[in-house]
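So the structure is just underneath, and the comments pick up after that.
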Amino acid sequence: MTARSERGRQREPRGSESATMDVVLLRRVNRWHAQGVSEELADPYVDSRETPPREAYRPPGRHDFLNRLTAEIRRPGFAMVIAETDGLVGCAFGFPVRSDGSWWLGFDGALPRGIEQLTESGGVFAITDLLVRPHPQDQDVARRLQERLLTDHHASLGATLVDRADHPALAALRSWGWLDVGEIWRPVSATLLRALVLPVGERTAARPAGLAHDAWTRWPG
């Protein structure tokens, strides 16, 4: 999962950026179009994944992103929404979570009942990447992208997995309303991941009914 918040970074808009950012448009694209713009999408990916020198975690590079996107496009139900002005600003993409619960394999402990029920009913959509090129409205664009992707699929809950060491991504998701519900261990990648969910329509970190439980709603440290 790619997410990045530029909150707190002091910088001036470049050129006519302040004017053009007022007209960010969202557009859903099919898998063939997504493949065609993959190289363009790699640019905001690289821009959004800049990390300060003190940050120990280093995200996957451009080549890894392109390989992952190609694999995601082949998934059943793949969908993408892009944000653009006079060029690509960002995108969000993912696929419906299967009702068999395979998405949650490796979850540490018991999956919260509300999430299990929504998964079984087909109401969960996995957002595997959410990226926005840094600019003054990045948080607003990120929220619009994630909401559009979920509402287009009539999903009740968004889900994503993030490397627990990727603190910038976790902080960004938290600021966009995502809730940390536990950890998942994936032996194939030998990675411990944070599992986060986003109730559709929720704009804050308020605990949604049916998912709130102190033992499972844990914010990343």
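The figures follow:
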item	result
FRET efficiency estimate (nearest 0.05) - Cβ-Cβ, Ala190 to Arg148, R0 35 angstrom	0.55
Derived scalar couplings ³J(HN,Hα) [region 100-116; Karplus, 6.51 cos²θ - 1.76 cosθ + 1.60; whole Hz; x for Gly, Pro]	6, x, 4, 4, 8, 4, x, 5, 7, x, 8, 5, x, 4, x, 5, 4
Dipole of region 72-131, positive direction: furthest Cα of Thr128, Gly114, Val89, with charges on the beta-carbon	Gly114
Glu120 - accessible surface, heavy atoms, 1.4 Å probe, Å² rounded to 10	110
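The values are calculated or read from the model by the stated rules, or taken from the named source; none is laboratory data. Not measured: the values here are computed from a predicted model. All Cβ positions, glycine included, derive from the backbone under ideal geometry; neighbour counts span all protein chains shown. These accessible areas exclude ligands, DNA and RNA; they are computed on the full protein's heavy atoms, side chains included. Shrake-Rupley method; radii C 1.70, N 1.55, O 1.52, S 1.80 Å.
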